[in-house]
């Protein structure tokens, strides 16, 4: 009997490890299947229920994720990690009161939990309650003044309140703590540009000179941006909002309207393509982006990411075809325009590259990649004239 117990526990351990490995690789549906098998053998594994819920949330099944968190809390009501993740899922569903209640329970147990205060701020920010958000961020900073994401989110909130000088001070504090996060530099650039809008002009050189010019931002050899899962809003969403144990700087996004019946499968292929891209396995990434496009031909992100993969393989002409297709679907996307500009720059078509960066800059004047791209093109053209 004892041997049977040992064998069962060993099998459960293998299933959990396999699920965790699949989760880390972005294969969330497969991870859920592995977790389910483990739960069939022992339905009281709270950590597995939590991880299954995280995987469900990563595949946009937030209602199911909440049910999973609730099962875990029935077994272990005081689990702060599960409460935290449940609060995030509820917030994503727009159930603000229920989400805040989760964080209230955490704070009642541990008033010094800076992350819980920050998450409350994130919820208020998303609801447009910026004064309330600012109070929550300030409380979080009182507890832990060394978290750059809270300082960044506080800066974004101050921008919403038109307090630009204070916002810049908040960004400066964030950059003192971590000067390598490009998004914070970009957010500071946005605040600076908004201060200049009274005369309807933006001083490109002043904005650029306020930014870090080497480490931590794209340079000559890396002007590209890959969209992981969904197109990102670079400046209007805090760095850490509604993400369960996220990778650094992950920003969850609102869903685009579903246009095809099998959109979920298309996104699953996109996730796998992104995973291979991250591992620098660009040919495999292209295969999955192609499968995503086959199901959802109007998926501009799959076209863009295929273009990035081709660029990494040095196939710039083919990449440009992909970027053009992405821009046909979404002509106002400054990220696609930047990537097009980068590919043109690599082919030596500097004038066309400059035009692409200029259009991207017009779409989003605070975007640092566009500014850097224009600077590089202008320098190259000056050398040619000489």
Within segment 332-386, considering only helices (runs of 4 or more DSSP H) that don't extend past its boundaries, which have at least 3 residues that are in contact with a helix residue (DSSP H, G or I) (Cβ under 6 Å, 6 or more places away or on another chain), within 22 Å of residue 188 (Cα to Cα) and in contact (Cβ under 8 Å) with a residue 60 or more places away in the chain? 368-385
Based on what the data block shows, is residue 280 surrounded by 15 or more Cβ atoms within 10 Å (Cβ to Cβ), at pLDDT 80 or above and over 21 Å from residue 333 (Cα atoms)? no
Pairs only if they're at least six apart or on different chains, beta carbon under 6 angstrom, first in segment 60-73 and in the same structural domain as residue 36 (by TED's automatic domain parsing), second part of a loop (DSSP other than H, G, I, E, B); list them, first residue then second. 62/93
What helices (runs of 4 or more DSSP H) lie completely within segment 71-169 and have 2 or more residues being under 19 Å from the mean Cα position of the chain (by Cα) and buried (at least 18 other Cβ atoms within 10 Å of the Cβ)? 80-92, 114-126, 148-160
Would you check which residues across segment 46-70 are under 29 Å from residue 8 (Cα atoms) and surrounded by fewer than 19 Cβ atoms within 10 Å (Cβ to Cβ) and list them? 46, 47, 64, 67, 70
Could you grab the pairs with beta carbons closer than 8 Å, sequence gap of 6+ or different chains, first residue in segment 9-35 and touching a residue at least 40 places away in the same chain (Cβ under 8 Å), second one part of a helix (DSSP H, G or I) and surrounded by fewer than 19 Cβ atoms within 10 Å (Cβ to Cβ)? 25/275; 26/275; 27/275
Residue under question is residue 27, and the condition is that it be outside the structural domain of residue 274 (by TED's automatic domain parsing) and under 20 Å from the mean Cα position of the chain (by Cα); does it hold? yes
Of everything in segment 47-64, what is within 20 Å of the chain's Cα centre (by Cα) and either assigned to a loop (DSSP other than H, G, I, E, B) or closer than 14 Å to residue 33 by Cα (or both)? Give them in sequence order. 51, 53, 54, 55, 56, 59, 60, 61
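The values are calculated or read from the model by the stated rules, or taken from the named source; none is laboratory data. What you see is a predicted model; the values in this text were computed from it and never measured. A quick note on method: Cβ atoms are made from the backbone with ideal geometry, for glycine too, and the neighbour counts reach across all protein chains shown.
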